[in-house]
1. Determine, yes or no, whether residue 99 is touching an Asp or Glu at 6+ places or on another chain (Cβ under 9 Å), closer than 22 Å to residue 110 by Cα and open to solvent by 10 Å² or more (accessible area, probe 1.4 Å).
2. Would you be able to tell me the number of residues in segment 102-111 that are farther than 16 Å from residue 60 by Cβ and either surrounded by 17 or more Cβ atoms within 10 Å (Cβ to Cβ) or not basic (Lys, Arg) (or both)?
3. Counting only residues that are in a strand (DSSP E or B) and touching a Ser or Thr at 6+ places or on another chain (Cβ under 8 Å), which one in segment 96-120 is farthest from residue 11 (Cα to Cα)?
4. Under 9 Å between Cβ atoms, which residue pairs at least 6 apart in sequence (or on different chains) link something in segment 93-116 that is closer than 20 Å to residue 26 by Cα and β-branched (Val, Ile, Thr) with a partner that is part of a loop (DSSP other than H, G, I, E, B) and open to solvent by 20 Å² or more (accessible area, probe 1.4 Å)?
5. Hey, could you check segment 77-96 for residues that are over 11 Å from residue 22 (Cβ atoms) and over 13 Å from the mean Cα position of the chain (by Cα) and say which is surrounded by the most Cβ atoms within 10 Å (Cβ to Cβ)?
6. Only one of (1) of a type in the set (D, E, K, R); (2) at negative phi; (3) open to solvent by 30 Å² or more (accessible area, probe 1.4 Å) is not met by residue 66, so which one is it?
7. Only strands (runs of 3 or more DSSP E) wholly contained in segment 1-49 count here; list those with 2 or more residues that are aromatic (Phe, Trp, Tyr).
8. Does residue 54 satisfy the condition of being exposed (fewer than 14 other Cβ atoms within 10 Å of the Cβ), without any contact (Cβ under 8 Å) to a residue 40 or more places away in the chain, under 19 Å from residue 100 (Cα atoms) and hydroxyl-bearing (Ser, Thr, Tyr)?
Amino acid sequence: QVQLVESGGGLVQAGGSLRLSCAASGRAFSTYTMGWFRQAQGKEREFVAGISRSGGSTLYADSVKDRFIISRDNAKNTVYLQLNSLKPEDTAVYYCAGRRSMGISRARREYDFWGQGTQVTVSS
């Protein structure tokens with residue numbers, strides 16, 4: 001079973017930045033499509049960004065496009081999410097997820113394994 005461990009969350013003021021990391025176990029990381037989701041208190045978990053196996057393709061939710069950047073380093077078994085120009089509405093638990101199938105998906109059910117989440121809090 002693949003294990004994903006997120007880090008990098010914290011408290012930041014509006015307009016600030018954070019970089020989230022997600023480290024994966026095992027040797028097959030480069031074969032997984034990866035994604036980031038978030039869940040605000042009382043709301044459904046939603047897609048934030050996804051990246052293809054090679055890193056050549058990315059997809060973003062409209063709410064974060066032009067502010068967040070997803071990237072990956074297959075040599076380090078790690079996927080990143082750079083959060084810029086943060087807003088209070090970005091406050092949520094951020095989850096890393098992976099899927100064995102090709103193609104970036106916005107659907108939670110399409111992902112095979114998940115991290116435990118990291119809290120991001122943006123103060124106004």
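1. It is true that residue 99 is touching an Asp or Glu at 6+ places or on another chain (Cβ under 9 Å), closer than 22 Å to residue 110 by Cα and open to solvent by 10 Å² or more (accessible area, probe 1.4 Å).
2. Residues flagged as farther than 16 Å from residue 60 by Cβ and either surrounded by 17 or more Cβ atoms within 10 Å (Cβ to Cβ) or not basic (Lys, Arg) (or both) within segment 102-111 amount to 3.
3. Selected residue: 99.
4. Taking only residues 6 or more apart or on different chains, not a single pair turns up.
5. Of everything passing the filter in segment 77-96, 86 is surrounded by the most Cβ atoms within 10 Å (Cβ to Cβ).
6. Unmet for residue 66, out of (1) of a type in the set (D, E, K, R); (2) at negative phi; (3) open to solvent by 30 Å² or more (accessible area, probe 1.4 Å): (2).
7. 33-39
8. Against the criterion (exposed (fewer than 14 other Cβ atoms within 10 Å of the Cβ), without any contact (Cβ under 8 Å) to a residue 40 or more places away in the chain, under 19 Å from residue 100 (Cα atoms) and hydroxyl-bearing (Ser, Thr, Tyr)), residue 54 qualifies.
The values are calculated or read from the model by the stated rules, or taken from the named source; none is laboratory data. Since we're looking at a predicted model, the values are computed, not measured. So basically every Cβ, Gly included, is an ideal-geometry build from the backbone, and we count neighbours across all protein chains shown. Note: areas computed on protein heavy atoms with side chains; ligands, DNA, RNA excluded. Shrake-Rupley method; radii C 1.70, N 1.55, O 1.52, S 1.80 Å.
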